[in-house]
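Colleague: First the structure, which I've put down as structure tokens, then a few questions once you've had a look.
The values are calculated or read from the model by the stated rules, or taken from the named source; none is laboratory data. The model shown is predicted, which means the values in this text are computed figures rather than measured ones. Here the Cβ positions follow ideal geometry from the backbone for every residue, glycine too, while neighbour counts run over all protein chains shown. The protein model used for the area step is the full one, side chains on, heavy atoms only, and it has no ligands, DNA or RNA in it. Shrake-Rupley method; radii C 1.70, N 1.55, O 1.52, S 1.80 Å.
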Amino acid sequence: RKGSIRGSKGVDLSPSLELPSSSRLKGLLASSSHLLEAVYVVHMLLAAALTSTSAAAHMPSFLRNNDVQNVLPVAPADYPAALQGMLWLDQTGAFGESSIPAGVSAPDLAISMGDTDYHRFDPATRTVSVSILGRAWQWQNTREGMSFFREAESTFSHYDFVFSDDFESCQIYPHLKLPFGLTFRVPTAAVSFTMTLQHPAAGACPPRANSSTAEVVRCAKWRRDSRVLQLIPGLSKALGDFVYYAYEIVDNERQPIEPYFSAYLEWADANSRPDALVAAAEGFDTSRSLDGADGLQGGTSFVGDGAAAESSTWSASAQLAWRWIRDGATEDWWWEHVGWGHGGSGGGRPA
């Protein structure tokens, strides 16, 4: 039968791909006399996965920057306090300071840990996964923001935020997309992103109007450190650490926290440069809004829809084929795990 498979540009590829029925698939894989046909079946499954794992375009929605407290999801009340609220990622040091080189920072704005439709915090591993393409990650309404978002669709999956026992620190693992609907966790030897919870002295925060940048950054909720290529110690040391600060701009009751919210809003509005031509080219519907915002007006930003299309009907079959190959491609394995084809109950070879 034919599957409905879409390529990265939305082109229907299904007429060129016809897979055997589940019963024929079982017969091919269970009989060594049909080795060439079995190889053909696996080839078709892998080809289906490769064509189907190109994610369909997400449909971002626009919002007013001064309405972020009402739009981004907040963490459930039972989440640890360290995970609550909304954070402004001040990567450029607009409010405090940053050692990230100019032009390297991502065109994002605020995030939260509250996208429970994507993932819920796991207390056993102290991990929450956050999709940069979902509702909890805000992007600048600029040419750079829209282009970055679309590029991330095809290569990037999500971040795992893995907290320490006491929630005083966090290791952030990027996950890249792979075929078969799988992801690859980037090891810390390649890139290491960490967050450290800050504890300013009593009375030091909020910072006064004439405070130094050193005094300002002490009031950030988290210090964010980035290190690269630690597998090459000399090079990593020469490059050094890249540091910026994340400020809590909205609490878990959706109340703005000053002066951080006003600083965020000033930066967000200054970096809202709608471009109708780019929006059209990148497939953004500027009338799609979460709060009545017009994506062609200033003072706006956007978030993704969270509907990650990283897998399809056939990528599940491809994952099964991959596991079969990985575990030795034996007839007994197929009967044990699958039974009468994909979707079967397994349970071993019949008597």
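Colleague: List, please: which pairs have Cβ atoms under 6 Å, are six or more places apart or on different chains, and start with a residue in the stretch 239-261 that is at pLDDT 95 or above and end with one that is of a type in the set (Val, Ile, Thr) and in a helix (DSSP H, G or I)?
Modeller: Here the result reads TYR245/VAL217, each pair linking the stretch 239-261 to a residue that is of a type in the set (Val, Ile, Thr) and in a helix (DSSP H, G or I).
Colleague: Sticking with this one: For the stretch 140-245, which strands (runs of 3 or more DSSP E) that fit wholly inside it have 3 or more residues that are of a type outside the set (D, E, K, R) and in contact with a strand residue (DSSP E or B) (Cβ under 6 Å, 6 or more places away or on another chain)?
Modeller: Here the list reads 156-163, 169-177, 191-197, 222-228.
Colleague: For the stretch 211-218, indicate whether the set of residues that are of a type in the set (A, V, I, L, M, F, W, C), within 15 Å of ALA263 (Cβ to Cβ) and open to solvent by less than 20 Å² (accessible area, probe 1.4 Å) is non-empty.
Modeller: Yes: one or more hits.
Colleague: Can you name the residue in the stretch 45-77 that is more than 20 Å from the chain's Cα centre (by Cα) and at pLDDT 90 or above and, of all such residues, is surrounded by the most Cβ atoms within 10 Å (Cβ to Cβ)?
Modeller: By that ranking, first place goes to ASN65.
Colleague: Filter the stretch 109-132 down to residues that are among the polar types (S, T, N, Q) and in contact with a Ser or Thr (Cβ under 8 Å, 6 or more places away or on another chain), then give me how many there are.
Modeller: 1
Colleague: Output the number of residues of the stretch 291-320 satisfying the condition of being assigned to a loop (DSSP other than H, G, I, E, B) and either over 18 Å from the mean Cα position of the chain (by Cα) or at pLDDT below 50 (or both).
Modeller: 14
Colleague: Still on this model: How many residues, within the stretch 77-111, are within 23 Å of GLY304 (Cα to Cα), touching a residue at least 60 places away in the same chain (Cβ under 8 Å) and not in a loop (DSSP other than H, G, I, E, B)?
Modeller: 8
Colleague: Here's another thing I want to ask about it. What number of residues within the stretch 162-193 satisfy the criterion of being touching a Leu at 6+ places or on another chain (Cβ under 6 Å) and at pLDDT below 95?
Modeller: Step one: of the stretch 162-193, the residues touching a Leu at 6+ places or on another chain (Cβ under 6 Å) are 168, 179, 184, 189.
Filter once more, so that each one left must be at pLDDT below 95: 179, 184, 189.
Residues meeting the conditions: 3.
Colleague: Mind checking which residues of the stretch 139-157 are free of Cβ contacts under 8 Å to residues at least 60 places away in the same chain and open to solvent by less than 30 Å² (accessible area, probe 1.4 Å)? Even if it seems obvious, please write down each step before you answer.
Modeller: From the stretch 139-157, those free of Cβ contacts under 8 Å to residues at least 60 places away in the same chain are 144, 148, 151-152, 155-156; that's our starting set.
Residues satisfying the conditions are ALA152, PHE156.
Colleague: Scan the stretch 184-206 for residues that are closer than 30 Å to PRO259 by Cβ and open to solvent by less than 20 Å² (accessible area, probe 1.4 Å) and jot them down. Working first, answer last.
Modeller: Our first condition is that a residue be closer than 30 Å to PRO259 by Cβ; within the stretch 184-206, this holds for 193-206.
MET195, the sole residue that qualifies.
Colleague: Tell me yes or no: at least one residue of the stretch 78-89 is surrounded by fewer than 17 Cβ atoms within 10 Å (Cβ to Cβ) and either modelled with pLDDT under 95 or under 26 Å from ASP291 (Cβ atoms) (or both).
Modeller: no
Colleague: For the stretch 229-251, how many residues are surrounded by 19 or more Cβ atoms within 10 Å (Cβ to Cβ) and over 20 Å from THR196 (Cα atoms)?
Modeller: Residues that pass the stated criteria total 0.
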